[in-house]
Amino acid sequence: MQEHAGIVILLGPPGAGKGTQSARLSATLGIPAISTGEILRAECQSGSHLGREVEAVLARGDLVDDQTMNELVSRRLREADCVRGCILDGYPRTVAQARYLDTLNFAVPRIFDFIVSARDVISRLGGRRYCPECGQTFNKSQFCTKDSTPLLQREDDKPAVIRERLRVYRRNMDKLVRFYRSRDYHRIHATRTPDMVFEELLRVLDHGRAASNSMLTRSRAYA
């Protein structure tokens, strides 16, 4: 596998706005946004034995084991649209997954850690609904604006499950942040408006590209 470029990792609890920002970054950077949530839901809907096991884990608010996540994500990363890089939303979530990602011959990733309070997460996810027909997500709505289908609440968006998801998330995140903090790591305060968050992401990414180009220019000058 050739080395990949432009890898962006979005860390943060469920409901932090990673999905919104990954979609916007994907459109701007021209690389795919890969959501582990979508990968897992697709596996659940496939009706496979693995999908049924994953569905039971998600319904409890637990994390899918490292081996399964690594297998599903690496399968997706081998697809042709990832050759120029990608945005990872929801992976890695453990140090073991981060170490596995390092073995896939990617370029050094840029890590953005979305900071949001538990109260905000519960408020955001508690009002989230999805359309069973088109899959689009809505906040505090009852019907899909696209096809008028009654909206449903995901099992893992119910308050008791959200609290368990947050507990499991925090249990792993401290170690993962320590693993990444010495790299290209940036904290993003995600309670601001989506536009403000997106503008900061672009500023950091543009600064990084400018620094890389400057280093390349200097190295050529001394060659």
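Every read-out reported here was derived from the displayed coordinates using simple, explicitly stated rules and does not represent laboratory data. Being a predicted model, the structure only gives us computed values, none of them experimental. Every residue, glycine among them, receives a Cβ derived from its backbone with ideal geometry; neighbour counts consider all protein chains shown.
Within region 69-90, which residues are of a type outside the set (A, V, I, L, M), out of contact with any helix residue (DSSP H, G or I) (no Cβ under 7 Å at 6 or more places or on another chain) and not in a loop (DSSP other than H, G, I, E, B)?
E71, S74, R75, D81, C82
Would you call R52 in contact (Cβ under 8 Å) with a residue 12 or more places away in the chain, assigned to a helix (DSSP H, G or I) and farther than 17 Å from Y169 by Cα? Working first, answer last.
Numbers: in contact (Cβ under 8 Å) with a residue 12 or more places away in the chain: no; assigned to a helix (DSSP H, G or I): yes; farther than 17 Å from Y169 by Cα: yes.
No.
From the residues in region 55-90 that are without any contact (Cβ under 8 Å) to a residue 24 or more places away in the chain and aliphatic (A, V, I, L, M), which one is surrounded by the fewest Cβ atoms within 10 Å (Cβ to Cβ)?
A80
In region 22-49, which residues are among the small types (G, A, S) and either farther than 25 Å from T103 by Cβ or assigned to a helix (DSSP H, G or I) (or both)?
Answer for region 22-49, where residues must be among the small types (G, A, S) and either farther than 25 Å from T103 by Cβ or assigned to a helix (DSSP H, G or I) (or both): S22, A23, S26, A27, G30, G37, A42, S46, G47, S48.
It is to be established whether one or more residues within region 89-98 are under 19 Å from E38 (Cα atoms) and of a type in the set (A, V, I, L, M). Please lay out each step first, then the result.
Initial filter on region 89-98 (under 19 Å from E38 (Cα atoms)): 89-94, 97.
This time we only want the ones that are of a type in the set (A, V, I, L, M), so: none.
Looking through region 89-98, none of the residues is under 19 Å from E38 (Cα atoms) and of a type in the set (A, V, I, L, M).
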